[in-house]
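Report on the following structure.
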Amino acid sequence: AAALQGAFVDTTAVEKVRDRGFDATRYKMMKRYTPKDHHAFKNEFFSDNTFYSVRAATQKLGTVDYPFGLVAGFSFGKWLHEDHALRLNISLGHWSDNFNGAHIHTAEASVSYLFNVTSYLGGYKPTRFCNLSVVVGGGYANTGYEGVGGQAGTIHAGLNVDMKLSQFMTFFVEPLAKAYSNGMAISRAGNWRSWLSAFEGSLGMSFTTPVE
């Protein structure tokens, strides 16, 4: 009987080992891989990881009515985390009408969210030469055409590639796909579109405040 009982216990133990199945406790303490040269992200004060940018851009509205326009802008942003940032953008633009040569002026305010893909995949390194970020956002544009004003909502999505020139200064390239509501096509009274697509390509400089 004792021998049979021992055999029963041993068999049960073997079955327990074989029948482990999925055990979530094995994975709950696992973290995303962190490179050995990963730096700690410090964000103790509001001024830490804030940045200011100036840019010049050309924009093409998705209609033959307008040629390429010129845009100048200023931005203020903050990296809230090593991978995530918010940015406020203010810009002024100028277009001319292909049909009558009239000038169209725009003022636009928008908010962008930036996700740093390079930092997410390779770890946070403030000395890294080049970073790639995804940019998405939306805002509001005011247009003026021969004394007539118009308003348009706007959304945008694209990429930001920055290259570090010094500890606190970077050069960036930012291509964006944009869409405007119908108020952007103010000079076309008979415009049938409910929205207007656009492509914008920017070059700029960004200045980051030192971390205390």
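The values are calculated or read from the model by the stated rules, or taken from the named source; none is laboratory data. The model shown is predicted, which means the values in this text are computed figures rather than measured ones. To get the accessible areas, we keep the full protein, side chains included, count just its heavy atoms, and leave off ligands, DNA and RNA. Shrake-Rupley method; radii C 1.70, N 1.55, O 1.52, S 1.80 Å.
Structure values in brief
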{"quantity": "Carbon/sulfur fraction of accessible area - the stretch 66-168, other protein chains in place, 1.4 Å, %", "calculated": "71"}
{"quantity": "Leu196 long-range amide H proximity, modeled H, under 5 Å", "calculated": "Tyr180, Ser181"}
{"quantity": "Among the listed pairs Lys42/Lys78; Lys125/Lys178; Lys42/Lys164, those beyond 23 Å (Cα-Cα)", "calculated": "Lys125/Lys178"}
{"quantity": "Under the Karplus curve 6.51 cos²θ - 1.76 cosθ + 1.60, θ = phi - 60°, whole-Hz ³J(HN,Hα) for the stretch 78-95, x wherever Gly or Pro sits", "calculated": "8, 7, 7, 8, 4, 10, 10, 9, 10, 9, 9, 10, 10, 9, 10, x, 9, 10"}
{"quantity": "Karplus 3J(HN,Hα) series, Hz, for the stretch 112-126 with 6.51 cos²θ - 1.76 cosθ + 1.60 (x for Gly, Pro)", "calculated": "10, 9, 10, 10, 7, 5, 4, 5, 5, 7, x, x, 6, 9, x"}
{"quantity": "In Hz, Karplus ³J(HN,Hα) per residue of the stretch 166-181 (6.51, -1.76, 1.60; θ = phi - 60°; x = Gly, Pro)", "calculated": "7, 4, 10, 9, 9, 9, 9, 10, 9, x, 10, 9, 10, 9, 10, 6"}
{"quantity": "Inter-centroid distance (Cα atoms) of the stretch 119-171 relative to the stretch 40-77, Å", "calculated": "5"}
